[in-house]
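So the structure is just underneath, and the comments pick up after that.
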Amino acid sequence: MPPRPSPRLPPLPDDQWDDRTRQALSSLLPRRLRNERGAGPAVGALARHPDLAELFLPFSTFMLFKSSLPPRIREQATLRVARRRDCAYEWAHHVKLGREAGLSDAEIEAAAEGKAADPVESLVLTAVDELEDHSTLSDATWDALAEHFDERQRMDLVFTVGTYALLAMVFNAFGVPGAPEGDARDN
């Protein structure tokens, strides 16, 4: 699918931001970033629907910053979703976060292809593929995950895949462009 020349839902222009919009984005953005440029193209597009943003952003922020998954595992799962969903925006941002979580460039590319040298990380990527292909996990994969991850971590893995699949769909449908690596924001 060729890239879109312009977004379907561009960031809400500064002159259209009101107190309600700024309040809706407050769970994710500090006051200084609650404007079109500071919010970036993805959150700036969500500013067009403050009621939705106010409900979704705290959940999304939880999945990114408070999930019980180790950051390295979370980023491998997210990168796999981004590649499978062909989401340039999600990919650009999570490459940066993956590096911060300790992934090398080779490990990032391997995760994108559903591969990892570590058997537990490979299992996580298998789980991502099963969730993407079937919207569930096989008993064998669930049981194997249970050998390495507690109940909450397994729940967070499923929610991570679902959250980033939804965000990839949103970013792709809204035409949110991939960000240059040096400009990557955290969501």
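Select, from Ala140, Ala165, the only residue that is of a type in the set (Gly, Ala, Ser) and under 25 Å from Lys66 (Cβ atoms).
Exactly one residue qualifies, and that residue is Ala165.
With respect to Phe171, determine if the residue is under 14 Å from the mean Cα position of the chain (by Cα) and either of a type in the set (Asp, Glu) or surrounded by fewer than 18 Cβ atoms within 10 Å (Cβ to Cβ) (or both).
So Phe171 fails the test.
Would you point out which residue out of Ser26, Ser6 is at pLDDT 85 or above and either part of a helix (DSSP H, G or I) or polar (S, T, N, Q) (or both)?
Ser26 is the lone residue from the list that is at pLDDT 85 or above and either part of a helix (DSSP H, G or I) or polar (S, T, N, Q) (or both).
Could you pull out every one of the helices (runs of 4 or more DSSP H) wholly within the range 39-157 that has 2 or more residues that are without any contact (Cβ under 8 Å) to a residue 12 or more places away in the chain and either surrounded by fewer than 20 Cβ atoms within 10 Å (Cβ to Cβ) or of a type in the set (A, V, I, L, M, F, W, C) (or both)?
Those helices (runs of 4 or more DSSP H) span 50-65, 105-112, 119-134, 139-146.
Testing Pro177 on (1) farther than 26 Å from Ala53 by Cβ; (2) outside any helix (DSSP H, G or I); (3) touching a residue at least 40 places away in the same chain (Cβ under 8 Å), one condition comes back false. Which one is that?
Status for Pro177: all satisfied but (1).
The values are calculated or read from the model by the stated rules, or taken from the named source; none is laboratory data. The structure presented is a predicted model; accordingly, all values stated were derived computationally and were not measured. Glycine also receives a Cβ, built like all others from the backbone with ideal geometry; neighbour counts cover every protein chain displayed.
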